[in-house]
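Structure, as structure tokens:
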Ligand SMILES: [Zn+2]
């Protein structure tokens, strides 16, 4: 169908010539099976495809997907390219897709998957990125130079207020008890039938021993940790008093 034979209905809005993100509308193509209007559009890269009018006007589709081909593996991801691929909500920490990077995802779907129960990874152009690092790039324009620490200790909580740059040693401080822990309390272990609290900071070990119960040693540990770790002090949920 050419533009001379456009439907004459009053509700029909001719968007030929309009620009929507990277697309320019060339001509009306007719209705799709579901009755939506299809428009032939040309992406800035030269690719032409038929797109539903509603997808254009609601910003649901922004390019033919060519943005991904501008991302060779040896080139770093930039803030502007990232923003064309995903949307990041700093208040919820959630990423959603702005374009279909692979066939099975839909625009608006939550991006990323949980890896190792402790972090979210997002695949872009064949490369896996940690979501918290992408959040940093999205908000501040550059990948973090240091590690990103989750302030509340939850690696899945990528709200921007929960992220801060930390050195590796600061990042390790802000961890819960390790898997090897047998006392049930971070920084507490058994020593010669008594319980001992121990805290390591910058290779200096601080310890307090001789407690009868792991609970008492834990109170001592929290005190030691507060002194050692300063703002990176992390009160493990296990040791937290109930409120
Ligand atoms: Zn394109």
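The values are calculated or read from the model by the stated rules, or taken from the named source; none is laboratory data. Source: prediction; values computed, not measured. Cβ: placed from backbone, ideal geometry, glycine included. Neighbour counts: every protein chain shown.
Being in contact (Cβ under 8 Å) with a residue 40 or more places away in the chain, touching a strand residue (DSSP E or B) at 6+ places or on another chain (Cβ under 7 Å), within 16 Å of the ligand (Cβ to nearest atom) and in the same structural domain as residue 155 (by TED's automatic domain parsing) holds for only one residue in 85, 107, 114, and it is 107.
Considering only region 20-40, state which residues are exposed (fewer than 14 other Cβ atoms within 10 Å of the Cβ) and touching a strand residue (DSSP E or B) at 6+ places or on another chain (Cβ under 8 Å). Passing the criteria: 30, 31, 32, 36.
Pairs are defined by a Cβ separation below 9 Å, a sequence spacing of at least 6 or placement on different chains, a first member in region 42-70 that is in the same structural domain as residue 20 (by TED's automatic domain parsing) and on the phi > 0 side of the Ramachandran plot, and a second member that is within 11 Å of the ligand (Cβ to nearest atom) and at pLDDT below 80; the pairs so defined are 46/66.
Among the residues of region 117-144, those identified as out of contact with any strand residue (DSSP E or B) (no Cβ under 7 Å at 6 or more places or on another chain) and closer than 14 Å to residue 164 by Cα are 137, 139, 140, 142, 143.
Just so you know, in region 14-41 the residues that are in contact with a helix residue (DSSP H, G or I) (Cβ under 6 Å, 6 or more places away or on another chain) and not in a loop (DSSP other than H, G, I, E, B) include one that is nearest to the ligand (Cβ to nearest atom), and it is 20.
If the condition is being within 21 Å of residue 82 (Cβ to Cβ), outside any strand (DSSP E or B) and near the ligand (Cβ under 10 Å from one of its atoms), then region 42-70 contributes 44, 45, 62, 63, 64, 65, 66, 67, 68, 69, 70.
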